[in-house]
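Peer 1: Attaching a single structure in structure tokens format; questions to follow.
The values are calculated or read from the model by the stated rules, or taken from the named source; none is laboratory data. The structure displayed is predicted, hence computed values, not measured ones. Cβ atoms come from the backbone with ideal geometry, glycine included; neighbour counts cover every protein chain shown.
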Amino acid sequence: MRIVSGKYRGRAINPPKNLRARPTTDFAKENLFNVLGNLLDFEECDVLDLFAGTGSISYEFASRGARSVTAVEINAVHHDFIRRTAALLGIENFYPVKANVFLYLKSCAKQFDVIFSDAPYDLEGSEQVVKLVLERGLLRPGGILIFEHSKKMDFSDLDEFWQLRSYGSVQFSFFKKP
């Protein structure tokens, strides 16, 4: 796994073998950030990465100059890896949070420009993330929610659904706050 672009471009991220995360593939990640690069000024973005896993997406946003990145992960081993890696890279304005994503969203009082969620594909109820983010007003006006999921899910009937992007077995549903 590597950081695709930006300040930390090319840096390898080598999680220990005991991490059970399913990181977003480099191919999907590169395409996602190409799309986002046409939509966002990364330096003006506060980012929330849910189910952060290895922190791969968080590091990409930080590498591109995001104003702040908050990475939420419940697993203590993963959280510690994310925290240590961000420190080794020297990332500023990076906030790893060890918490249950659903509880975090229910108590969060901050708004974000970008929220990325990559729940385990087999996690029952993971689609509730979309509902919580939208109902709780966690996106700033013009903000974007990106929900990574398997091909089994379809969000096109939601009012805030904007577009679907597929890269191999990876699907990204985009939601935009008007």
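Peer 1: Select, from ARG64, ARG11, ARG83, the only residue that is in contact with a strand residue (DSSP E or B) (Cβ under 7 Å, 6 or more places away or on another chain) and touching a residue at least 40 places away in the same chain (Cβ under 8 Å). Before the answer, list the steps.
Peer 2: Working: ARG64 fails: in contact with a strand residue (DSSP E or B) (Cβ under 7 Å, 6 or more places away or on another chain); ARG83 fails: touching a residue at least 40 places away in the same chain (Cβ under 8 Å).
Being in contact with a strand residue (DSSP E or B) (Cβ under 7 Å, 6 or more places away or on another chain) and touching a residue at least 40 places away in the same chain (Cβ under 8 Å) holds for just one of ARG64, ARG11, ARG83, which is ARG11.
Peer 1: Still on this structure, please answer the following. Give the residues of the stretch 137-162 that are in contact with a helix residue (DSSP H, G or I) (Cβ under 9 Å, 6 or more places away or on another chain) and exposed (fewer than 13 other Cβ atoms within 10 Å of the Cβ), sorted by residue number.
Peer 2: Residue satisfying the conditions is ASP159 alone.
Peer 1: On to the next question. Just wondering, is there one or more residues in the stretch 134-148 that are among the acidic types (Asp, Glu), touching a strand residue (DSSP E or B) at 6+ places or on another chain (Cβ under 7 Å), assigned to a strand (DSSP E or B) and closer than 28 Å to ARG64 by Cα? Steps first, answer last, please.
Peer 2: Taking the stretch 134-148 as the starting set, the residues that turn out to be among the acidic types (Asp, Glu) are 135, 148.
Next cut, touching a strand residue (DSSP E or B) at 6+ places or on another chain (Cβ under 7 Å) only: 148.
Narrowing the set further to residues that are assigned to a strand (DSSP E or B) leaves 148.
Keeping just the survivors that are closer than 28 Å to ARG64 by Cα gives 148.
Yes: one or more hits.
Peer 1: Scan ALA62, ALA52, ALA76, ALA109 and give me the residue that is at negative phi, small (Gly, Ala, Ser) and under 11 Å from the mean Cα position of the chain (by Cα). So that I can check it myself, show each step before the final result.
Peer 2: Values: ALA62 fails: under 11 Å from the mean Cα position of the chain (by Cα); ALA76 fails: under 11 Å from the mean Cα position of the chain (by Cα); ALA109 fails: under 11 Å from the mean Cα position of the chain (by Cα).
None of the others qualify; the one that does is ALA52.
Peer 1: Given ARG9, ARG84, which one is more than 16 Å from the chain's Cα centre (by Cα) and either within 27 Å of LYS177 (Cβ to Cβ) or not in a loop (DSSP other than H, G, I, E, B) (or both)?
Peer 2: Within the list ARG9, ARG84, the selection yields ARG84.
Peer 1: Tell me which of these GLU124 doesn't satisfy, since it passes every other one: (1) exposed (fewer than 12 other Cβ atoms within 10 Å of the Cβ); (2) free of Cβ contacts under 8 Å to residues at least 12 places away in the same chain; (3) assigned to a helix (DSSP H, G or I).
Peer 2: (3)
Peer 1: Also: Could you list, ordered by first residue, the pairs with Cβ atoms under 6 Å in which the first is in the stretch 40-57 and closer than 15 Å to CYS108 by Cβ and at pLDDT 95 or above and the second is hydroxyl-bearing (Ser, Thr, Tyr) and buried (at least 24 other Cβ atoms within 10 Å of the Cβ), at least 6 apart or interchain?
Peer 2: ASP49/SER58; LEU50/SER117; ALA52/SER58
Peer 1: Can you confirm whether VAL130 is crowded, with 20+ Cβ neighbours inside 10 Å, within 21 Å of ILE57 (Cα to Cα) and either charged (D, E, K, R) or modelled with pLDDT of 90 or more (or both)? Spell out the reasoning first.
Peer 2: Values: crowded, with 20+ Cβ neighbours inside 10 Å: yes; within 21 Å of ILE57 (Cα to Cα): yes; either charged (D, E, K, R) or modelled with pLDDT of 90 or more (or both): yes.
Here the answer is yes, as VAL130 does meet what is asked.
Peer 1: Of all residues in the stretch 12-52, how many are assigned to a loop (DSSP other than H, G, I, E, B) and either under 22 Å from SER126 (Cβ atoms) or among the hydroxyl-bearing types (Ser, Thr, Tyr) (or both)? Step through it out loud before you land on a result.
Peer 2: Let us first name the residues in the stretch 12-52 that are assigned to a loop (DSSP other than H, G, I, E, B), namely 13-25, 38-41, 45, 51-52.
Narrowing further to those that are either under 22 Å from SER126 (Cβ atoms) or among the hydroxyl-bearing types (Ser, Thr, Tyr) (or both): 15, 19-25, 51-52.
So the count comes out to 10.
Peer 1: Sticking with this one: Within the stretch 14-55, how many residues are surrounded by fewer than 18 Cβ atoms within 10 Å (Cβ to Cβ) and among the hydrophobic types (A, V, I, L, M, F, W, C)?
Peer 2: 4
Peer 1: If I filter the stretch 84-96 for residues that are at pLDDT 95 or above and acidic (Asp, Glu), do I get at least one hit?
Peer 2: No, the stretch 84-96 has no match at all.
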